[in-house]
Each structure stands twice: as C-alpha cells, then as structure tokens.
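A short worksheet on the structure shown next.
The values are calculated or read from the model by the stated rules, or taken from the named source; none is laboratory data. Computed from a predicted structure; not experimentally measured. Note: ideal-geometry Cβ built from the backbone for every residue, glycine included; neighbour counts use all protein chains shown.
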Amino acid sequence: MRVKIVIPEYVQKVARILTKEGFECYLVGGALRDIVLGKQPHDYDLATNALPDEMLNIFPKSISTGAKFGTVIALVQDRLKETHEVEVTTFRSESGYIDGRWPTNVKFVDEIDMDLGRRDFTFNAMAMDLSKMDMDGLEEEKEGDLYDPFSGIVDIEKKLVRAVGTPLERFKEDGLRAFKACRVASQLDFQIEEETFNAIKESIPVASKVSMERIRDEFMKMLLDSPKPSVGIELMRQAGLLNIFIPELLEGVGVEQKLFHAHDVYWHTLKTCDAAHDSVKLAALLHDIAKPRTDMGNGHFYGHDKMGADLAEEIMKRMKFSHSEIERVKILIMNHMFYYPHVKEDMTEEEKEKIEAHGWTDAAVRRFIQRVGEENIDDLFKLRMADALSNPATVFKPDEITFLQKRISEVREQDMALKVTDLDITGEDLMNLGIEKGPELGTILNELLDMVVEDPLLNSKEKLLEEAKRIANI
C-alpha cells in the first residue's frame, strides 16, 4: 500500500546517514499507525540491520543505555541547531522472558520480518523502507510503500486491536501488553479482537508481575488521552486487570445509590471520570471510592468523603504516585461534597431570609479557602461540575459554583491570612514573650491563625501579642 507521509528533517537525517553507511532503515511502530489513521505522529521510531556497536560509531552523540537490547537513541540536530532524539533499534528476536517484562535472550537478526513478528499488535507491526525513499531533508509530503505482513491496515479499518501471531504468546512475553491493549482500544475507540481479549484474561498471572510504576504510567496515559477513559477501565475490569491495582473500584459494581443518582457507584464513577477535566481525572475516578464501605442501604453514604480520601491515599501509594499528587487528590476528594446555599430569584422571601441568616459568612468562606488551598479551588470546582454532569438525576445546579466563585473573589480582595506565615507575628515574637520554642509555640500560632481567619482585623502585631499572652497565661 502506498501512503503519503511528512517526515521531520531530523528523522530523515538519521535515515540518510544509516543508508549512506550501507544499512537498511525502516520507519516502524505507532507513527505508521497514526498515518493510516490520518493523524500526525508524535514519535518516529526506526529499525535497522546495523548492530548497536555500529550505530554508536555512526552516531557518536547518542544514548546507549539500551544498547544491549539493540536500542540506541541518536541525538541529531536540525537546521536550527535544535537537538532531537531518535530511537533506532537493531532488528531483533526475543525469548526467555522473566518477571512478565524482560527477555533474557535477545538475538539480533538480519530481516525486518523477524523483527516485526516480535511486536505487540498488528497495526504496530508495519514498516516503511526509508532507504528506498528520497531523504532530501525537505519536510514535504513523500510517498512510500507500507509493508504490512500482519494485516494491520485491515484491523485499523475494522477498528480492532489484534495481537501479532499467537495472542497468548505475546501477552506471556510481556505483561504490560495486556494493559496497553486496553489503553490503545480506549484511546482509538477500538474493540479488542476476541482471541486477543481471551488471551489477556488467561495471562493475568504474567500481568500481575509488572511493576506498579509501569502500570501507573500506562493507566494514566489511558485516563488523559482517551475520549472516554471508561472504555479502557471497563475493558480492564472485564479482563481482570483492574483487580491487580485498584480492586477497590470493583466494590462499587452493583451498589445502588437510590437518591439523586441514575447509576450504580461503579458506573457513576466512570461517567464522572469521562466528564472530568484532565487535571482532575484521577480524583474523579476515586471521588466515591468509599461509598460501598459507607453504604447505609437507604441512599446515604455518610463519611464517604473522609474515608474516600484515606482510601485514595492507599491506592495512590500502592501505585507509586508522588506525595504532592497524593495530597492534592486527597484534598479534592475530602471536599467534593461542599454545598454553598445562595439566594435564588425563584425563592420565597422566607427562604431568602433563612439563607441570609444562616448562609456562609466571610469567615466561612475564608475557612473554605484555607481548608482547600487557593491553588486547589479551581480543580475542586471542576471535580464538582464533572460529578454533577455525569448524573442526569442530580439536583445540583451549576449556579452554586458561579455564586461561590463570585463570593470567593470578593473575600480574596480582603486582607486575608490563611497560613501561619501570613500572621503579623512570628515565632520569634512569641519567644520574646517567654514562650519556649517547641509544640506549645506551634499550637499558639495555629490558634492565633484560627482567630484571624474568623476576624481579619485581629491580624496586627499588637493585638496578636495580647492574644498570645492570654492563651499562654502570661
């Protein structure tokens, strides 16, 4: 099949150098799949019959950490002297996999067919011989022959993810491929071919050996790059993969919510994730994770926000997320149930008076900002909107957020102290009063902060010193 392709100048440069040295050079992998799909590739991987040592001689500026597996990353400059990385791999076959991931035996081969035969999916096992094309460095459309020995183009047309060769062999070789199959199906809105999907189910013991870091990375690619992450998550559930890293999510299957919800906990969670902005996808997936454990049986799930934050921490630690990301997600889950009562035009005078009398004071707004963190408020609103948009039976109205945003803006314009360092007093000032450095000093500072959050006018050094004396009985 002839296809049109625009190849970046720096990729052409690598292909030109390899060809000039007498070696074959093929464009392989996801770039060709993207081209067939009518997408612009992001990565361009090359395969060659040059051995790693030969490539290191040809490209003295290169990264050789993967050389024993045949992979060299060539560092090349374009016309603007900007350096680019191009991954070049020697044709190879693999065998003797251990730990569900790594081959113990890598054999370099001479033919592209053997190299393509070791790859994961049919649409990733296509190749284009760049040595037979004019690599003149011009970034303009060129025509090339697509070599497709495993009918990847047919599977793209059928919107199928199909393993190369015998599916069970492919998944037993590399446990990450099972997760990748679900991720790619979700990203491309493809189905997984029946034999391939059955092979994923049979290879769960191998998939369970994959490190949590690699599972996390594959899962997050799926969450952030899929039109509907729910497609991939549900495939992982059906295949048995979800039980490996987030078994807690399975607890929500069939748990009815009864009040103000149209779906069970599991499907509500997935639909919230689909509706959520990228910055809160993970929080959306975990926001109701504790509902099955707090189910009162009557549509109420008291305390699921607090327990959910704790469960999210367990899950994210298991998946090796950073401490800062764990804390951010915990804050969002802990506070996602906020309710801001506000006056509406269609209310009775009695209802309006009740809200005006018992609604959020400025101090309550400051406490909200302090509790959530100014840097997390916008994300919390995004999570709340996704939670509501995913549920056709919700009583939530978006103007709740609109009014609260306006109120927060008004309060933010005031002189606020939201953390100890915002106080017009320091620990040194308290020590000058005779308060010893230690836990008592920290307790007093936090008590002073609580007072200032309630009444910003107290935030003067003179007033705070007087309050500190009172607290410390000085």
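Numbers at a glance
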{"quantity": "Considering residues of the stretch 11-49 that are of a type in the set (Ser, Thr, Tyr) and surrounded by 19 or more Cβ atoms within 10 Å (Cβ to Cβ) only, the residue farthest from Pro149 (Cα to Cα)", "calculated": "Tyr44"}
{"quantity": "Some residue of the stretch 150-160 being crowded, with 18+ Cβ neighbours inside 10 Å and over 30 Å from the mean Cα position of the chain (by Cα)", "calculated": "yes"}
{"quantity": "Filtered residues of the stretch 112-151 (kept if outside any helix (DSSP H, G or I) and among the hydroxyl-bearing types (Ser, Thr, Tyr))", "calculated": "Tyr147, Ser151"}
{"quantity": "Subset tally (residues that are over 24 Å from Thr269 (Cα atoms) and surrounded by 15 or more Cβ atoms within 10 Å (Cβ to Cβ)) for the stretch 371-404", "calculated": "3"}
{"quantity": "Pairs with Cβ under 9 Å, 6+ apart, first in the stretch 281-299 and at positive phi, second of a type outside the set (Ser, Thr, Tyr)", "calculated": "Gly297/Lys258; Gly299/Glu256; Gly299/Gln257; Gly299/Lys258; Gly299/Leu259; Gly299/Phe260; Gly299/His261"}
{"quantity": "Count of the stretch 209-231 residues which are farther than 22 Å from Lys317 by Cα, over 12 Å from the mean Cα position of the chain (by Cα) and not polar (S, T, N, Q)", "calculated": "3"}
{"quantity": "Candidates Ile444, Ile471 - the one that is touching an Asp or Glu at 6+ places or on another chain (Cβ under 8 Å), in contact (Cβ under 8 Å) with a residue 12 or more places away in the chain and assigned to a helix (DSSP H, G or I)", "calculated": "Ile471"}
{"quantity": "Members of the stretch 409-445 found to be exposed (fewer than 11 other Cβ atoms within 10 Å of the Cβ), more than 15 Å from Asn473 (Cα to Cα) and of a type outside the set (D, E, K, R), listed by number", "calculated": "Ser409, Gln414, Thr421, Gly438, Pro439"}
{"quantity": "Helices (runs of 4 or more DSSP H) within the stretch 241-328 that include 1 or more residues among the hydroxyl-bearing types (Ser, Thr, Tyr) and surrounded by 16 or more Cβ atoms within 10 Å (Cβ to Cβ)", "calculated": "265-275"}
{"quantity": "Residue in the stretch 40-58 that is closer than 11 Å to Val88 by Cα, in contact (Cβ under 8 Å) with a residue 24 or more places away in the chain and among the charged types (D, E, K, R) present", "calculated": "yes"}
{"quantity": "Checking Lys180 against (1) within 20 Å of Ile233 (Cβ to Cβ); (2) assigned to a loop (DSSP other than H, G, I, E, B); (3) not small (Gly, Ala, Ser), the condition it does not meet", "calculated": "(2)"}
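Residue by residue, here is whether (1) in a helix (DSSP H, G or I); (2) modelled with pLDDT of 95 or more; (3) acidic (Asp, Glu) holds:
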position: Arg16; (1), (2), (3): yes, yes, no
position: Phe23; (1), (2), (3): no, yes, no
position: Leu27; (1), (2), (3): no, yes, no
position: Asp43; (1), (2), (3): no, no, yes
position: Pro60; (1), (2), (3): no, no, no
position: Thr89; (1), (2), (3): no, yes, no
position: Ser93; (1), (2), (3): no, no, no
position: Pro103; (1), (2), (3): no, no, no
position: Lys107; (1), (2), (3): no, no, no
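Results for (1) in a helix (DSSP H, G or I); (2) modelled with pLDDT under 90; (3) among the polar types (S, T, N, Q), shown as yes or no for each residue.
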| residue | (1), (2), (3) |
| --- | --- |
| Asp346 | no, yes, no |
| Glu350 | yes, yes, no |
| Ala357 | yes, yes, no |
| Ala364 | yes, yes, no |
| Arg371 | yes, no, no |
| Pro392 | no, yes, no |
